[in-house]
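The next block holds one structure in the form of structure tokens; read it before the comments.
The values are calculated or read from the model by the stated rules, or taken from the named source; none is laboratory data. Just so it is clear, the model here is predicted, and its values are computed rather than measured. Because the Cβ atoms are built from the backbone with ideal geometry, glycine has one as well, and the counts that use them run over all protein chains shown. These area figures cover heavy atoms from the full protein model, side chains too; ligands, DNA and RNA do not enter into them. Shrake-Rupley method; radii C 1.70, N 1.55, O 1.52, S 1.80 Å.
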Amino acid sequence: MGMSFDLAILYRGSLESCNYDCWYCPFAKAQDDAESLRVDEQGLRRFVDWVRANSGRKLGILFTPWGEALVRDYYRAAFIELSRLPHVGRVVAQTNLSYPLDWLGEADRESAALWCSYHPSETARGRFVAQSKGLADLGIRHSVGVVGLKENFDEIRALHAELPPGATLWINAYKREASYYTNDDIAMLTRVDATFPLNNRYHASRGKPCHAGENAITVDGEGTVRRCHFIDSPLGSLYEDDLDDMLRPRTCSNETCHCYIGYSHLKELGLRETYGPNVLERILPGPAQRPGTA
């Protein structure tokens with residue numbers, strides 16, 4: 001199954017505010033003042049203008065905000081507009097799904113998708129599952145992720161049983177503590193999410209070929225282009241420099257890569273083949289398949 005885009009752009013503006021208070025997140029209950037929101041909106045509008053004007057290549061766009069973006073009207077408007085542009089093969093947003101869904105009826109179902117995070121400490125499972133079913137009713141493809149904390153295990157099992165068909169469930173491994181999981185824990189989580197073993201480790205990446213910087217980039221609110229969220233060195237400006245001059249095959253300069261939005265671009269893992277056109281939204285095509293041993 002081929003890709004639906006030639007270049008993946010992960011966009012992260014200056015937004016930091018979130019309406020949730022997860023203890024493991026540095027942006028829990030963070031607030032942006034009016035000026036900060038104005039700057040973030042201005043940066044997003046400039047990015048959307050650039051996308052609209054650059055129809056020469058097929059684009060896949062993933063919003064990876066520090067906070068929760070889709071509670072903001074200007075992010076909703078950008079998401080809808082981008083989904084309707086014929087040269088945008090995918091537009092995806094990471095979100096906690098804590099808002100009414102009616103506005104998504106205006107998005108193009110072929111290109112729009114959501115990466116949804118379930119936080120048991122912040123919302124009831126029944127409400128979250130109802131939101132997932134609401135997305136299914138609207139025809140919005142989505143994946144669901146939950147942090148694999150031990151206190152979440154019962155919720156993970158229940159969520160797995162209750163989500164609507166087609167909503168890929170994946171577990172974000174908790175890697176801050178060495179040997180956090182027992183073998184039985186890993187077996188249970190792998191039954192829920194066949195890709196869990198791939199997430200439950202740091203991937204040795206230094207010197208290894210990566211799509212990042214070749215056909216995947218990140219862009220911040222000022223338009224600074226980097227190859228990856230986890231490599232600070234800028235490649236240039238999206239608005240002032242020639243993008244083609246920035247893009248070329250590269251190897252990773254970090255020792256390890258541990259986050260899906262990073263390691264999904266490592267070529268040796270073959271995740272573009274595993275997920276096909278759904279790699280940005282993290283949706284497995286058809287029945288969940290265990291990735292290869294790479």
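Can you find a residue in the stretch 123-132 that is of a type in the set (S, T, N, Q), assigned to a loop (DSSP other than H, G, I, E, B) and under 15 Å from the mean Cα position of the chain (by Cα)? Steps first, answer last, please.
Taking the stretch 123-132 as the starting set, the residues that turn out to be of a type in the set (S, T, N, Q) are 123, 131-132.
Cutting the leftovers down to assigned to a loop (DSSP other than H, G, I, E, B) gives us 123.
From what is left, the residues that are under 15 Å from the mean Cα position of the chain (by Cα) are none.
No - not one qualifying residue is present in the stretch 123-132.
Would it be correct to say that Asp49 is open to solvent by 60 Å² or more (accessible area, probe 1.4 Å), within 19 Å of Glu281 (Cα to Cα) and over 17 Å from the mean Cα position of the chain (by Cα)?
So Asp49 fails the test.
From the list Leu238, Leu189, Leu266, Leu198, which one is of a type outside the set (Val, Ile, Thr), touching a residue at least 40 places away in the same chain (Cβ under 8 Å) and under 30 Å from Leu37 (Cβ atoms)?
Criteria check complete, one pass: Leu238.
Which pairs have Cβ atoms under 7 Å, sit 6 or more apart or on different chains, and link a residue in the stretch 117-132 that is over 15 Å from Val147 (Cα atoms) to one that is of a type outside the set (Asp, Glu) and modelled with pLDDT under 90?
From residues that are over 15 Å from Val147 (Cα atoms), the pairs are Ser132/Ala167.
Restricting the search to the stretch 135-162, which residues are without any contact (Cβ under 8 Å) to a residue 60 or more places away in the chain, open to solvent by less than 20 Å² (accessible area, probe 1.4 Å) and farther than 17 Å from Tyr181 by Cβ?
Those that are without any contact (Cβ under 8 Å) to a residue 60 or more places away in the chain, open to solvent by less than 20 Å² (accessible area, probe 1.4 Å) and farther than 17 Å from Tyr181 by Cβ: Leu135, Ile140, Val144, Leu159.
So which helices (runs of 4 or more DSSP H) stay within the stretch 204-283 end to end and still have 1 or more residues that are under 17 Å from the mean Cα position of the chain (by Cα)?
Ranges flagged: 260-263, 271-275.
Yes or no, residue by residue, for (1) modelled with pLDDT under 95; (2) farther than 18 Å from Asp220 by Cβ; (3) open to solvent by less than 20 Å² (accessible area, probe 1.4 Å); (4) touching a strand residue (DSSP E or B) at 6+ places or on another chain (Cβ under 8 Å):
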position: Glu240; (1), (2), (3), (4): no, no, no, no
position: Thr251; (1), (2), (3), (4): no, yes, no, yes
position: Cys257; (1), (2), (3), (4): no, yes, yes, yes
position: Leu266; (1), (2), (3), (4): no, yes, yes, yes
position: Gly276; (1), (2), (3), (4): yes, yes, yes, no
position: Arg282; (1), (2), (3), (4): no, yes, yes, yes
position: Gln289; (1), (2), (3), (4): yes, yes, no, no
position: Ala294; (1), (2), (3), (4): yes, yes, no, no
